[in-house]
Amino acid sequence: MSNENTPSVHIMRSQLGRARGLGAAKSGQHHWWSQRVTAMALLPLSLYFVLSVLMLAGADRAQMAAYIGEPWNTVLFLCLIAALFSHLSLGLQVVVEDYVRNDAKRIITLLVLKGGIAVLALACAVSVLKLAF
């Protein structure tokens, strides 16, 4: 109930229009979409990886190098690495941001995790490229 002395303001926007962009960080849509896109990319890429492992069971290094040396296989393995470690980074970032309350600890944890993920992703990519070339 409004008091006669207080003016009432009626905003003519939908609920979605009022809620859009009002999260704690004023963003997050890009992060949410990135998680969904990497998850969707991981579905076929993971299936490809599993099938590749099954096809190459018992193969020696030369056979593995010949398989990965095919341009499409090299590209698909590199895409798998990029999507996998990107998705991992996004997911762990959410966990750290949700559960680590101390700002300094949160920043340090995120830096260590992202650095470790970058090193592991680079090691995987170098391994694929070494086999391919």
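The values are calculated or read from the model by the stated rules, or taken from the named source; none is laboratory data. Please read these numbers as outputs of a predicted model, since none were measured by experiment. Ideal geometry is used to build each Cβ from the backbone, glycine not excepted, and the neighbour counts take in all protein chains shown. Ligands, DNA and RNA are excluded from the accessible area calculation, which covers all protein heavy atoms including side chains. Shrake-Rupley method; radii C 1.70, N 1.55, O 1.52, S 1.80 Å.
Annotations
- Check on Val119, of a type outside the set (Ser, Thr, Tyr), open to solvent by 80 Å² or more (accessible area, probe 1.4 Å), within 22 Å of Leu42 (Cβ to Cβ) and free of Cβ contacts under 8 Å to residues at least 24 places away in the same chain: yes
- Residue among Ala121, Ala83 that alone is in contact with a helix residue (DSSP H, G or I) (Cβ under 8 Å, 6 or more places away or on another chain) and closer than 20 Å to Gly28 by Cα: Ala83
- Reported count of residues in segment 96-105, each being part of a helix (DSSP H, G or I) and open to solvent by 70 Å² or more (accessible area, probe 1.4 Å), is 5.
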